[in-house]
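This report concerns only the one structure given below.
The values are calculated or read from the model by the stated rules, or taken from the named source; none is laboratory data. Owing to the predicted nature of the structure, the values given are computational and were not obtained by experimental measurement. So basically every Cβ, Gly included, is an ideal-geometry build from the backbone, and we count neighbours across all protein chains shown.
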Amino acid sequence: MILKKVASALQVKVVDFFLEDETNGDDVVLHEGDRVNINFRKGDAKIQMLVRDIQNKRMQPFYTTIEPGGGSEGSYSHIGEEFGIVLRGVLEIQIQGRTHRVKKNESFYFSSREPHSWNNPGKAKTEVIWVVSPPTF
């Protein structure tokens, strides 16, 4: 992803390009309408940040909606760990050549250093709360 390379060169996170300046410093509650959207190339996955400012945070939570057939479009890896819980639908995560099928109300946890990819193999939208630590996006 070109934007990720640019962010790395500037020593910032990709999401920093999309954030507006904080106005009141109250970051305890983030209302649904204030979430920052991060869309994938083909529009088959919608990722919303669940915290507005990740500076000085140890984790980065997302609300992810994946359309049927959508996914990461290939493997990638980065520092840290990932955790999530599927709220709706089915998520397939591929790690080291193994496919893990995660269904509604099931959770997952893995090292982000391992090459991994993910997709929605179902016929309905998949919704996931996904947490990356440390913030890397």
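Please specify each residue of region 78-90 satisfying the condition of being under 13 Å from I66 (Cα atoms) and more than 13 Å from the chain's Cα centre (by Cα). Across region 78-90, the qualifying residues are L87, R88, G89, V90. Counting only residues that are surrounded by 17 or more Cβ atoms within 10 Å (Cβ to Cβ) and acidic (D, E), region 94-137 holds 1 of them. Kindly list the number of the only condition in (1) hydrophobic (A, V, I, L, M, F, W, C); (2) at pLDDT 95 or above; (3) over 13 Å from P135 (Cβ atoms) that fails for A45. Only one criterion is unmet by A45, namely (2).
Pull up region 38-93, narrow it to residues that are touching a helix residue (DSSP H, G or I) at 6+ places or on another chain (Cβ under 7 Å) and in a strand (DSSP E or B), then point me to the one that is surrounded by the most Cβ atoms within 10 Å (Cβ to Cβ).
Within region 38-93, the first condition is being touching a helix residue (DSSP H, G or I) at 6+ places or on another chain (Cβ under 7 Å), and the residues that meet it are 38, 49, 52, 54.
Next, only the ones that are in a strand (DSSP E or B) stay: 38, 49.
Details: I38: 18, M49: 22.
The residue in question is M49.
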